[in-house]
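Notes to accompany the following structure.
Bear in mind that the values in this text are calculations on the coordinates, not laboratory data. Quick caveat, the model's predicted, so the values are computed rather than measured. Note that each Cβ is placed from the backbone with ideal geometry, even for glycine, and that neighbours are counted across all protein chains shown.
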Amino acid sequence: MTKGIDVSTWQGKIDWNQVKGAGIHYAILRSSFGSPDPSQVDNQFENNYKGAKAAGIPVGAYHYGYAVSEAEARQEARFFLDTIKGKQFEYPVYYDVEDNGTMGTLSRQTLTNVIKAFCSEVEKAGYYVGVYASLSWLDSKFYPDQLPYDVWAAQYFTECQYSGQYGMWQYTSSGSVPGIQGGVDMNECYQDYPKAIKEKGLNGFDKPTPAPAPEPAKTADVYYRVRTKADGWLPEVKNLEDYAGFTGAVTDVAVHVSAGSVRYRVHIKGGNWLPYVTGCNINDAVNGYAGNGLEIDAVEVYYYTPDSIRPYKKAKYRVAPVGGSYYPWQY
């Protein structure tokens with residue numbers, strides 16, 4: 001949950017650095033209201049946008065609606081888009097639905113259709129869209145469940161009692177914040193909107209370029225280690241940079257490769273072959289290494305070549321008995 005405000009020309013000139021210092025995490029700015037007319041652009045919108053951005057406060061925007069038809073709603077949407085064009089918003093852009101003299105006269109389904117017309121027009125332009133409304137309007141003036149947009153609910157109470165899903169709650173219109181003269185709307189946000197919006201490349205942000213897929217391996221390195229009766233697990237060896245083991249008897253072997261996979265097993269001296277294993281984890285006695293703590297006298301390794309490596313490769317290895325010389329290479 002994060003604390004934020006929403007502001008318009010009614011708050012006058014704002015000291016955004018003081019607002020930032022007061023612990024405000026975001027601000028939703030009124031950009032415009034009604035249909036296209038230069039006089040219906042909020043006269044503090046540009047100042048608020050620049051000031052909040054300069055202070056490092058993430059922003060969203062809202063348009064106060066008067067539309068009573070779908071055609072008027074689309075007209076308002078285009079006006080809104082023209083007003084916010086060229087700007088970046090870390091929080092959603094909202095349609096403010098509350099005017100009793102216009103929208104409040106519509107039937108519930110008609111108002112729902114009007115809201116949908118506005119929001120779909122804005123969404124098509126690449127914005128993360130939401131709807132602002134009071135609890136009473138959400139419950140009785142339109143059908144939020146027909147609208148696939150985030151809700152910003154307004155209810156001036158100790159908790160939000162809206163039964164549907166909502167991403168933000170406006171809980172008072174008389175908040176006090178340093179840097180703002182008079183009362184200001186206060187909000188709580190429950191979604192990580194900046195993350196979602198930036199990841200999707202909405203609201204003026206470019207979609208992040210995915211990291212390029214790694215090049216398929218053309219060669220494979222082999223890593224292996226052994227456990228001896230005298231010294232326990234010895235350090236891992238890569239390829240033929242060294243050899244695994246000292247002069248004492250080996251009891252367990254662990255093998256893995258950088259590309260492809262291996263299947264291997266060991267033979268217990270004076271006993272039998274143990275089951276194959278495919279993992280490499282000295283803490284996994286079932287499939288992490290071959291051996292059971294008894295002295296071994298033979299190893300068998302199969303290598304499975306990945307599609308990226310051609311021609312096919314084979315495991316190549318050799319072993320030596322205690323006190324003896326290496327046997328020939330095995331393939």
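Using a Gaussian network model of the chain in which every pair of alpha carbons under 10 angstrom is joined by a spring, one finds that among His63, His256, His25 the greatest mean-square fluctuation is at His256.
Once you order the gyration tensor axes a ≥ b ≥ c over the Cα atoms, which shape class does the range 222-304 get: rounded for a/c under 1.5, otherwise prolate or oblate by comparing a/b with b/c?
Numbers: a/c = 1.61, a/b = 1.15, b/c = 1.41.
Taking the square roots of the gyration eigenvalues as a ≥ b ≥ c, the range 222-304 is oblate.
Shown in residue order for the range 277-293 are the 3J(HN,Hα) couplings computed by the Karplus curve 6.51 cos²θ - 1.76 cosθ + 1.60 at θ = phi - 60°: 10, 10, x, 8, 7, 5, 9, 10, 7, 8, 9, x, 7, 9, x, 9, x Hz (x for Gly and Pro). Approximating the spin labels as points 7 Å out from Cα along Cα→Cβ, the Asp145-to-Lys229 distance works out to 7.5 nm. Stretching the chain fully between Asn287 and Lys195 yields a gain of 29.1 nm (0.36 nm per residue, less the alpha carbon separation). Net charge dipole, the chain: roughly 1380 debye, given to the nearest 20, about the Cα centre with Cβ charges of +1 for Lys and Arg and -1 for Asp and Glu. Highest GNM mean-square fluctuation among Asp42, Asp206, Asp252, for the chain modelled with Cα contacts below 10 Å: Asp252. Per-residue ellipticity at 222 nm computed for the chain from its helices equals -5500 deg cm²/dmol, with DSSP H segments shorter than 4 residues left out and the rest contributing -39,500 (n - 2.57). Taking Phe45, Phe142, Phe157 as the candidate residues, the one with maximal mean-square fluctuation in a Gaussian network model of the chain, Cα springs under 10 Å, is Phe157. Between Asn239 and Asn47, the modelled label-to-label distance comes to 6.9 nm, taking each label 7 Å out from Cα in the direction of the beta carbon. Once the Cα-Cα distance is subtracted from the 0.36 nm per residue extended length, the Gln109 to Gln88 segment shows a gain of 4.3 nm.
In this simple spin-label approximation, Ala213 and Ser39 carry label points 7 Å from Cα along the Cα→Cβ vector, and these lie 6.0 nm apart. Take every DSSP beta bridge whose two residues both sit in the chain; close to 55 percent of them are antiparallel. Against the set (1) 98, 41, 36; (2) 69, 49, 39; (3) 83, 50, 43, the structure's computed Cα extents along the principal axes in Å falls on (1). Longer than 32 Å from Cα to Cα, which of Lys198/Lys238; Lys3/Lys85; Lys200/Lys313; Lys50/Lys141 are they? Say none if no pair is. Result: Lys198/Lys238; Lys200/Lys313; Lys50/Lys141 exceed 32 Å. Sorted ascending by nearby beta carbons within 10 Å, beginning with the fewest, Thr105, Thr112 become Thr105, Thr112. Inter-part distance, the range 1-77 to the range 289-307, computed on C-alpha centroids, equals 67 Å.
Compared with the direct C-alpha span, the chain from His25 to Asp99 gains 23.8 nm at full extension, assuming 0.36 nm per residue. Straight Cα distances below 17 angstrom link Lys269 to the aspartates and glutamates Asp252, Glu295, Asp297, Glu300, with same-chain residues fewer than 8 positions distant left out.
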